[in-house]
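Q: Quick one: this structure, given as structure tokens, is what I'll be asking you about.
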Amino acid sequence: MSRYDRQMRLPEIGTEGQARLARARVLVAGAGGLGAALLPLLAGAGVGRITLYDPDTVAESNLHRQTLYRMSDLGRPKAEVAAETLAALNPESRIVPHCAPLLSDSAAAALSEADLVIDAADRVTATYVLSDLCLAATTPFISAAVTGRAGHVGGFCGGAPSYRAVFPELPPALTSCDAAGVMGPVVATLGALQAQMALTVLLGLAPSPLGQMLTLDLASWRIGGFRFDTAPEPDTAGPELLAASQLLPSDLVIDLRTYDEAPVPATPQAQRLPEGGLSELQGAPGQRVVFACATGLRAWRAAEKVRAAGRLTAVLAT
């Protein structure tokens, strides 16, 4: 009996659909809670190649929701452990791990070899950057976010509006699972929905999840959703998200974190924000201003303000 017998029995999949999955190339950013749920489902379904980016190592506080890992994996790179586990689950699925974040200096090249991109990372600024790249390349983009007992998942780009079309502005405040807490089942549910959306796109099934948003609130037991096929794209994109390797010697790098947050600046060339704040920011004409902070939110907002004044800006991923 075939490994894929049960899903191939579905008339909308069959041998032709399974062959499509075997040829598929998926790029995944993040092997945390969402990734731990969706990655085994993709590999188990027979996706031919999964390229995985994650810079973190396994910690004991991850294990209540990141069930891809075990106590024996503590301290090891998540991408490396995930690749080993998925290869053991299905050796027919090729896993290519990168123990690094998926940033501007790596995303463009990686995306050129992907049929679909999945955002399972915990950095909203990176979500916007990946969506912008996918929109330009007309590559389908599946993104999810979760905090506490609620979250959302949606299908973007690939002919549908981008993430920025649905969320044109960053949220007024950002939180994380580390700071606000999270329950494992809601993470696993949203990760599984990401996998279902991804497989549906790869198989070309209808209706498409591209242009579809699902919301999940397991605190109040409410599940919702809406289509956004006609959402207009914003006139301008946000600041570019840079990796440290993309900094130029001529860049003016401003670290917005306090000394208590980060005694060591983001890079050797980084400066702290002057006492006068953004209004007192000095720099040579045409010089790019690069902002850094802990979550990316303060840096993104500062970059947008300075860019509105005619300066070239970017955000440094820390």
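The values are calculated or read from the model by the stated rules, or taken from the named source; none is laboratory data. Here the structure is a predicted model, which is why all the values come from computation and not from measurement. All Cβ positions, glycine included, derive from the backbone under ideal geometry; neighbour counts span all protein chains shown. Remember, those area values only see protein heavy atoms, side chains included, never the ligands or the DNA or RNA. Shrake-Rupley method; radii C 1.70, N 1.55, O 1.52, S 1.80 Å.
Q: Take TRP300, TRP221 and sort them by solvent-accessible surface of the protein heavy atoms, 1.4 Å probe, largest at the top.
A: The most accessible residue leads, giving TRP221, TRP300.
Q: Right, next: Long-range amide H contacts for ILE254: which residues qualify at under 5 Å (H placed 1.01 Å from N, peptide plane, sequence gap of 5 or more or a different chain)?
A: Counting only residues 5 or more places away or on other chains, the set is GLN271, VAL290, PHE291, ALA292.
Q: Here's another thing I want to ask about it. So if R0 is 30 Å, what FRET efficiency would GLN287 and ALA192 give, r being the distance between their Cβ atoms, rounded to the nearest 0.05?
A: 0.05
Q: When all protein chains stay in place, what accessible area (Å², nearest 10, 1.4 Å probe) is found for THR189?
A: In the full protein context, THR189 sits at about 50 Å².
Q: Ok, one more. So which residue, out of ALA284, ALA244, ALA24, gets the largest mean-square fluctuation from a GNM of the chain using Cα contacts under 10 Å as springs?
A: ALA284
Q: Would you pull out the residues with amide H under 5 Å of ILE142's amide H, same chain only if 5 or more places away, H placed 1.01 Å from N?
A: VAL117, ILE118, ASP119, PHE156
Q: With θ taken as phi - 60° and the coefficients 6.51, -1.76 and 1.60, list the Karplus ³J(HN,Hα) couplings across the range 23-30 in order, rounded to whole Hz; mark glycine and proline as x.
A: 3J(HN,Hα) across the range 23-30, in whole Hz: 8, 6, 10, 10, 10, 10, 9, x.
Q: Here is a further query. Between ARG222 and ALA180, how high is the FRET efficiency from 1/(1 + (r/R0)^6) when r is the Cβ-Cβ distance and R₀ = 22 Å? Nearest 0.05.
A: 0.70
Q: Using a 1.4 Å probe on the protein chains only, how many percent of the accessible area of the chain belongs to carbon and sulfur?
A: 56
Q: Something else about it: Write down the percent of antiparallel bridges among all DSSP beta bridges whose residues are both part of the range 1-124, to the nearest 5.
A: 5
Q: Ok, one more. In whole Hz, what ³J(HN,Hα) sequence does the range 87-94 give by Karplus (6.51, -1.76, 1.60; θ = phi - 60°), x for Gly and Pro?
A: After applying 6.51 cos²θ - 1.76 cosθ + 1.60, I find 5, 6, 5, 8, x, 7, 9, 8 Hz.
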